[in-house]
1. Between residue 81 and residue 37, what FRET efficiency follows from the Cβ-Cβ distance if R0 is 22 Å, with the result rounded to 0.05?
2. Within a 10 angstrom radius of the beta carbon, how do 81, 65 rank from fewest other beta carbons to most?
3. Would you mind ranking 128, 38, 60 by Cβ crowding within 10 Å, fewest neighbours first?
4. Which residues' amide hydrogens lie under 5 Å from the amide hydrogen of residue 88, considering only partners 5 or more residues apart or on another chain, with H built in the peptide plane?
5. Order by neighbour count: 42, 69, fewest other Cβ atoms within 10 Å first, most last.
Amino acid sequence: MLFSATLNASVEDLVKPERIHASPVNAVAQTLEQEFVKAPSEELREAALLSLVTRNYSTKVIVFCSTKEAAHRIAIVLGLCGLRFAEIHGNLSQGERAASLQRFQQGQADFLVATDIASRGLDLPCTKTVINFHLPVDAGATAYAGFKALPCFRTH
């Protein structure tokens, strides 16, 4: 309830609020599977990722990391395990990024390790799975609950 001795224009605006919804709340595409993998500890996060990519998701996978350093570290770990990868982040030149994208799109790399630079305006229809090594802002509710998780998204 609102009580006021004077009703000026700004107060009148409060009387008639408008709500605009661009899309249904929590809508998820029908072709999207979501999975959260709990890592026992922060130290075992990389081990959990390696388990995922060697057992469940082995081709056309994008792994998003929150920092350039983390992306490069994951790329090194994948390489040490003999997995074919490409990396894309801000420490690479535009030419190196383009070459990495081309390797991923042509199937010469099974994994694209990236920062959010790859989430801006890129269309990679060949992608089957997206793994967020660090929780994105949208999935922050999981972090608030105290979970250490790797959200995985897979299309049919």
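Derivation of every value follows stated rules applied to the coordinates shown; laboratory data play no part. Everything numeric in this text was worked out from a predicted model, so none of it was measured. As a convention, Cβ positions derive from the backbone with ideal geometry for all residues, glycine included, and neighbour counts pool all protein chains shown.
1. 0.80
2. 81, 65
3. Numbers: 128 15, 38 10, 60 20.
Fewest-to-most Cβ neighbours within 10 Å comes out as 38, 128, 60.
4. Those qualifying (amide H under 5 Å, at least 5 residues apart or on another chain) are 113, 114, 115.
5. Fewest to most other Cβ atoms nearby, the residues stand as 42, 69.
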